[in-house]
Amino acid sequence: MNRGRPVDTTTRERVGGMTVLLTLVMAWSMLPLFTVAALAPRLRPDLGAGPAELGIAVGAGFAVAAALSPLAGRLTDRWGPRRCTVGLLVLAAAGLGLLSVSQELVTLCLALALSGLPQAFANPVTNKAVLRSVPAERRGGVTGWKQSGVQLGALVAGVPLSLVAAWSGWREAVALAAAVALLLAVWALLALAPDAPVGGVRGADAEPPPRGLVARLAVFSLFLGAGVSSMNAHVGLFAADELGLAPVAAGLVVAVLGVAGVLGRVLWAARAGRRGAFGLLAPLAGGAVLGPALLAAASWVPELVYPAAVAVGGLAVAANAVSMIAVMSAVPGPRAGRATALVSAGFFAGFAVGPGVLGALAETAGYTYAWGWPALALLAAGATATPWLRGEERA
């Protein structure tokens with residue numbers, strides 16, 4: 001590398017702009033799925049899709065993301081982060097565009113399946129961009145902010161897009177989001193450093209990432225994703241149906257979880273960047289068991305649902321950002337995209353499985369007992385990461 005020059009040219013303003021861009025990339029990679037969730041009451045009459053059908057459609061997006069993440073990682077290592085970031089945003093625009101003209105459930109499923117592609121690319125391309133353009137001492141903070149883009153995507157879908165949908169219709173709101181994705185693609189093309197020629201990075205295919213470490217991180221992410229997604233998907237419904245909270249109060253629970261997730265990701269990722277990530281994974285996952293424990297107790301003391309949301313967001317959701325720091329520190333070279341993608345595949349697989357399992361348990365045994373499922377998943381994640389408590393050199 002050009003020693004001296006990257007630090008000189010990567011000014012505070014440039015890193016700040018990079019952080020904003022990568023945060024928006026992460027937000028728009030997930031926006032189609034969040035849009036369906038936020039606009040579901042408006043979508044259902046037009047598309048004839050009930051809760052079960054919408055659940056299948058959303059699951060299709062996560063399944064595609066999990067299945068194609070390894071390929072996305074290899075392509076990111078070969079093609080470079082700028083090409084793949086632009087492609088990601090164009091694919092997000094295409095998925096949103098198809099969603100905006102959907103007339104039936106089949107088209108909705110196709111739109112969300114297509115939207116699984118930008119999900120698959122999101123972590124590999126943004127991690128590679130951070131490794132390329134951000135000084136090592138600032139990577140933790142930048143990674144925390146860009147991982148919080150997932151929560152930003154939920155906020156964009158839940159507030160501005162919902163307001164636009166109420167004013168002019170849900171199709172117009174989704175089309176507007178697609179247009180913004182294309183503008184972000186132009187920004188990425190202009191702002192990100194040029195990629196090496198495609199033929200010049202084939203060495204990324206010659207040597208695979210360290211299998212044991214990446215496999216353990218992927219298993220950790222599988223359990224973490226199952227626990228996080230179970231609580232994300234059901235906590236609002238639990239607050240309204242089981243605890244009897246008013247719709248506004250139930251929505252506040254979800255908002256508390258989202259804000260705690262943003263703060264947790266930023267703060268824990270910054271600490272991981274300074275002191276090392278691997279040793280934080282087991283405490284974060286194990287400590288996050290407080291979330292489902294408090295949710296179970298909320299059946300008797302409803303007010304506990306709010307500190308439960310703080311625990312889920314501040315610990316469980318934050319652990320995903322720390323896992324990204326871990327994989328970047330362990331595989332910082334040309335194989336970083338592939339390694340990131342394998343870890344992300346585990347996380348997406350957990351997302352595809354977790355909510356359905358908790359929903360089935362809630363129907364048969366009730367939510368009080370069903371919260372044992374994410375607790376077990378988080379305990380399994382913590383146990384998977386326990387060997388790293390003895391030092392990262394043993395990972």
Can you tell me which residues in the stretch 224-258 are out of contact with any helix residue (DSSP H, G or I) (no Cβ under 7 Å at 6 or more places or on another chain) and β-branched (Val, Ile, Thr)?
-> 248
Taking only pairs six or more apart or across chains, which ones have beta-carbon atoms under 7 Å, a first residue in the stretch 156-185 that is among the basic types (Lys, Arg), and a second residue that is at pLDDT 90 or above and crowded, with 16+ Cβ neighbours inside 10 Å?
-> 171/100
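Can you tell me which residue within the stretch 135-182, out of those that are of a type in the set (Lys, Arg) and over 20 Å from the mean Cα position of the chain (by Cα), is least open to solvent (accessible area, probe 1.4 Å)? Give the derivation first.
Of all residues in the stretch 135-182, those of a type in the set (Lys, Arg) come to 138-139, 146, 171.
Subsequent filtering for residues that are over 20 Å from the mean Cα position of the chain (by Cα) retains 138, 171.
On the way: 138: 88, 171: 58 Å².
If we take residues in the stretch 135-182 being of a type in the set (Lys, Arg) and over 20 Å from the mean Cα position of the chain (by Cα), then 171 is least open to solvent (accessible area, probe 1.4 Å).
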If you take the residues of the stretch 95-112 that are closer than 25 Å to residue 21 by Cβ and over 20 Å from the mean Cα position of the chain (by Cα), which of them is surrounded by the most Cβ atoms within 10 Å (Cβ to Cβ)?
-> 99
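Can you tell which of 330, 385 is among the small types (Gly, Ala, Ser) and open to solvent by 30 Å² or more (accessible area, probe 1.4 Å)?
On the way: 385 fails: open to solvent by 30 Å² or more (accessible area, probe 1.4 Å).
The unique qualifying residue is 330.
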So residue 300, is it open to solvent by 10 Å² or more (accessible area, probe 1.4 Å), closer than 15 Å to residue 139 by Cβ, out of contact with any strand residue (DSSP E or B) (no Cβ under 8 Å at 6 or more places or on another chain) and of a type in the set (Phe, Trp, Tyr) = no
Please go through the stretch 360-382 and pick out each residue that is modelled with pLDDT under 95 and surrounded by fewer than 17 Cβ atoms within 10 Å (Cβ to Cβ).
-> 360, 363, 364, 365, 366, 368, 369
Restricting to helices (runs of 4 or more DSSP H) lying wholly in the stretch 1-104: which have 2 or more residues that are modelled with pLDDT under 85 and among the charged types (D, E, K, R)?
-> 5-9, 12-38, 40-47
On the given criteria, is residue 380 under 13 Å from residue 231 (Cβ atoms), part of a helix (DSSP H, G or I) and not aromatic (Phe, Trp, Tyr)?
-> no
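Yes or no, residue by residue, for (1) without any contact (Cβ under 8 Å) to a residue 12 or more places away in the chain; (2) more than 24 Å from residue 214 (Cα to Cα); (3) touching a helix residue (DSSP H, G or I) at 6+ places or on another chain (Cβ under 9 Å):
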position	(1), (2), (3)
308	no, yes, yes
330	no, no, yes
352	no, no, yes
360	yes, yes, yes
364	yes, yes, yes
372	no, yes, yes
375	no, no, yes
All positions within the stretch 333-343 that are within 25 Å of residue 154 (Cα to Cα) and open to solvent by 10 Å² or more (accessible area, probe 1.4 Å) | 342
Hey, residue 129 hits all of (1) more than 21 Å from residue 348 (Cβ to Cβ); (2) among the aliphatic types (A, V, I, L, M); (3) at pLDDT 90 or above but one; which does it fall short on?
-> (1)
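Out of 263, 315, I need the residue that is closer than 19 Å to residue 379 by Cβ, out of contact with any His (no Cβ under 8 Å at 6 or more places or on another chain) and open to solvent by 30 Å² or more (accessible area, probe 1.4 Å). Which one? Walk me through how you get there before you give the answer.
Numbers: 263 fails: closer than 19 Å to residue 379 by Cβ.
Testing whether each residue is closer than 19 Å to residue 379 by Cβ, out of contact with any His (no Cβ under 8 Å at 6 or more places or on another chain) and open to solvent by 30 Å² or more (accessible area, probe 1.4 Å) leaves just 315.
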What is the one condition in (1) open to solvent by less than 10 Å² (accessible area, probe 1.4 Å); (2) of a type outside the set (A, V, I, L, M); (3) more than 20 Å from the chain's Cα centre (by Cα) that residue 323 does not satisfy?
-> (3)
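The values are calculated or read from the model by the stated rules, or taken from the named source; none is laboratory data. The model shown is predicted, which means the values in this text are computed figures rather than measured ones. Backbone-built Cβ (ideal geometry, glycine too); neighbour counts: all protein chains shown. The accessibility values were calculated without ligands, DNA or RNA, using every heavy atom of the protein model including side chains. Shrake-Rupley method; radii C 1.70, N 1.55, O 1.52, S 1.80 Å.
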